[in-house]
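A.B. asks: Submitted below is the structure of interest, expressed as structure tokens.
The values are calculated or read from the model by the stated rules, or taken from the named source; none is laboratory data. These numbers were taken from a predicted model, which means no experiment stands behind them. Backbone-built Cβ (ideal geometry, glycine too); neighbour counts: all protein chains shown. Side chains are part of the model used for accessible areas, which takes the heavy atoms of the whole protein and leaves out ligands, DNA and RNA. Shrake-Rupley method; radii C 1.70, N 1.55, O 1.52, S 1.80 Å.
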Amino acid sequence: IPLAAAALLAPSLAVVMGVTDATSAFAPLASPLIYLFMGGFMLALGLAEQGLDRRAALWLLGRRWIAGSPARASAAIAVATFLISMWISNTATTAMMIPVALGLCRTIRAAAPELDRPRFDRHAEGMLLGLTYAASLGGIATPVGTAPNVIALGMIESQLHLRIDFFQWMSFALPTSALTLGVVLLYGAWRFPSPIRRLDALADNVEAELALLGPMSAGERRAAGVFLLAVLGWLTPATMKLSLGPGHPWTEWANRGLDEGVVALLCGTLLCLLPSGKNDGKPVLAWERAMQLDWSTLLLLGGGLSLGKLMFETGLAKAMAGGALAAVGPLATSPLGLLFCSTALVLALTEITSNVATTSMMVPVLIAIAQAGGHDPLPLVLCVTMAASFAFMLPVSTPPNA
């Protein structure tokens, strides 16, 4: 069964079996968090439609510090993937960056045919693995980076009555993901060493690709402007809270009026209204193209939020928590022990099941376990949510790996 179809079965069957009414079951599918992801998808499509994503990647690879070094180019590919994946789907980022990485590999091979083939192939493998892991790590850094983040934020808001804004999430998630990326890059440089220290043809190739793109078009500039407007809107409530205080009228208005989902939708829709500047009458993002966004992921998110809500309303989460408390015994009395066991369990589960499915199943249960044990559930939820994105072990663990 496709994951999105399975997600829709949960609320549908709950209504048929008399667990709840249809309005309650399907309300989470209209959560503002769903629209946050929808707007994020539209922004990503707008950037890709105008070619700004590829220009940004090539610009990074053309920096002087790379200086024709294949090793530095590998690191730059990973860093570019990480930065893009903070705002765009991990899968889409990987799909976009793999052709750039493969093009670099071909350039290195063509410019130095005398290179030892096994050593060259090994370095190419390392470049692609680094890119893949960077995509998953970049998704951790922002609330819109990956679906498990959205699931967790929805459950924190609905069950714990806490609201974590954009800036608060990035304050702990960005350092965590950036530090892990550093470990990945160091380990990759050791396990997959570059077959040659410097290759002038590499820098020439990137310059040629950038020259072919020419100057930024009006459409690219407008897409970039709307994207920056969205980021500004996401960060404004937190900035006002820090500068003016939580009780200031402007801060209260920003918290109410600049909901992340509303900002994302407004900016995504704006892309469909702004002309691209190509004199063809088309907007930056055509509506037909906007409607090609990943609806399956949105339905999967909605089904996950609905399932989490039903687990709490019916008492299932509390019952499972009681069983788990009895199973882990003394460990449940220690916040650190509970954190360690839960994180290890999610790390194992996310290797063989969907990250979204793992988060949807585990977060409600873990909130109930923490509350039953008298612990603060927030650190537990945040830790396991980030752990759900560390699906590095198997090729099928996450779409970027595949």
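A.B. asks: Counting only protein chains, not ligands or nucleic acids, how are THR132, THR23 ordered by accessible area (probe 1.4 Å), most first?
C.D. replies: Most to least solvent-accessible, the answer reads THR23, THR132.
A.B. asks: Any chance you could look up the accessible area of VAL206 with a 1.4 Å probe, heavy atoms only, rounded to 10 Å²?
C.D. replies: Solvent-accessible area, nearest 10 Å²: 10 Å².
A.B. asks: Is the stretch 136-228 rounded, prolate or oblate when judged by the Cα gyration tensor, a ≥ b ≥ c being the square roots of its eigenvalues, rounded requiring a/c under 1.5 and prolate requiring a/b larger than b/c?
C.D. replies: It is oblate, given that a/c is not under 1.5 and a/b is not larger than b/c.
A.B. asks: Also, I was wondering about something else. Suppose every Lys and Arg Cβ carries +1 and every Asp and Glu Cβ carries -1, with no other charges. What dipole size does the chain come out with about its Cα centre, to the nearest 20 debye?
C.D. replies: The dipole magnitude comes to about 720 debye.
A.B. asks: Let me ask you something else. Which of rounded, prolate, oblate describes the stretch 9-100, given a ≥ b ≥ c as roots of the alpha-carbon gyration tensor eigenvalues and a/c under 1.5 marking rounded, otherwise prolate only if a/b is larger than b/c?
C.D. replies: prolate
A.B. asks: With a probe of 1.4 Å, find how much accessible area the chain has per residue, and write the answer as a whole number in Å².
C.D. replies: 46
A.B. asks: Treating cross-link reach as a plain straight distance, find the aspartates and glutamates whose alpha-carbon is under 13 Å from the alpha-carbon of LYS241, omitting any fewer than eight places away in the same chain.
C.D. replies: Result set, ordered by chain and number: ASP165, GLU252.
A.B. asks: Of ALA224, VAL263, VAL184, which is farthest along the charge dipole of the chain in the positive direction, counting Lys and Arg as +1 and Asp and Glu as -1 at C-beta?
C.D. replies: The one lying farthest along the dipole's positive direction is VAL184.
A.B. asks: Out of (1) 38, 27, 19; (2) 35, 24, 22; (3) 40, 32, 22, which label holds the value of semi-axes √(5λ) of the Cα gyration tensor in Å that was computed here?
C.D. replies: Evaluating semi-axes √(5λ) of the Cα gyration tensor in Å on these atoms matches (1).
A.B. asks: Just how large is the dipole of the stretch 252-402 about the Cα centre, in debye to the nearest 20, putting +1 at every Lys and Arg Cβ and -1 at every Asp and Glu Cβ?
C.D. replies: 100
A.B. asks: Something else now. Near LYS278, which aspartates and glutamates are there with a Cα under 15 Å away, not counting those fewer than 8 places off in the same chain?
C.D. replies: GLU49, GLU220
A.B. asks: Here's another thing I want to ask about it. Given a cut-off of 20 Å, what percent of all Cα-Cα pairs of the stretch 243-317 lie beyond it?
C.D. replies: Value for the stretch 243-317: 61 percent of Cα pairs lie more than 20 Å apart.
A.B. asks: Considering only protein heavy atoms, with the full assembly of protein chains and a 1.4 angstrom probe, order HIS248, HIS123, HIS375 by accessible area, largest first.
C.D. replies: HIS248, HIS375, HIS123
A.B. asks: Shifting gears a bit: Mind checking the dipole of the stretch 172-303: about its Cα centre, +1 per Lys or Arg Cβ, -1 per Asp or Glu Cβ, Debye to the nearest 20?
C.D. replies: 160
A.B. asks: Which residue, chosen from PHE167, GLN371, LEU316, occupies the Cα position most advanced towards the positive end of the dipole of the chain, where the dipole is computed from +1 (Lys, Arg) and -1 (Asp, Glu) charges on Cβ about the Cα centre?
C.D. replies: Working it through, the farthest residue towards the positive pole turns out to be PHE167.
A.B. asks: Same structure again: With angles folded into 0 to 90 degrees, how steeply does helix 260-273 sit against the dominant principal axis of the chain? Use alpha carbons for both and round to 10.
C.D. replies: Long axis of 260-273 versus the principal axis of the chain: about 40 degrees.
A.B. asks: Something else about it: Answer with one residue from ALA387, LEU273, LEU338: the one whose Cα lies farthest towards the positive end of the charge dipole of the stretch 252-402, charges on Cβ with Lys, Arg +1 and Asp, Glu -1.
C.D. replies: LEU273
A.B. asks: Starting from the Cα of LYS309, draw a straight line to each of the lysines and keep only those under 18 Å, dropping any in the same chain fewer than 8 residues away.
C.D. replies: Answer for LYS309, where 18 Å is the Cα cut-off: LYS318, listed by chain and number.
A.B. asks: Order PHE120, PHE172, PHE340 by their accessible area, 1.4 angstrom probe, all chains in place, largest first.
C.D. replies: PHE340, PHE172, PHE120
A.B. asks: Another question, if that's okay. Based on the alpha carbon coordinates of the stretch 197-264, what radius of gyration and maximum Cα-Cα distance (Dmax) apply, in Å?
C.D. replies: 20.3, 58
A.B. asks: Using Cα atoms only, what is the angle between the long axis of helix 377-387 and the major principal axis of the chain, expressed in degrees (0 to 90) to the nearest 10?
C.D. replies: 30
A.B. asks: While we're here: To the nearest 500 deg cm²/dmol, what mean residue ellipticity at 222 nm is calculated for the chain from DSSP H runs of n ≥ 4 alone, each contributing -39,500 (n - 2.57), summed and divided by the residues?
C.D. replies: Counting only the DSSP helices, I get -24000 deg cm²/dmol.
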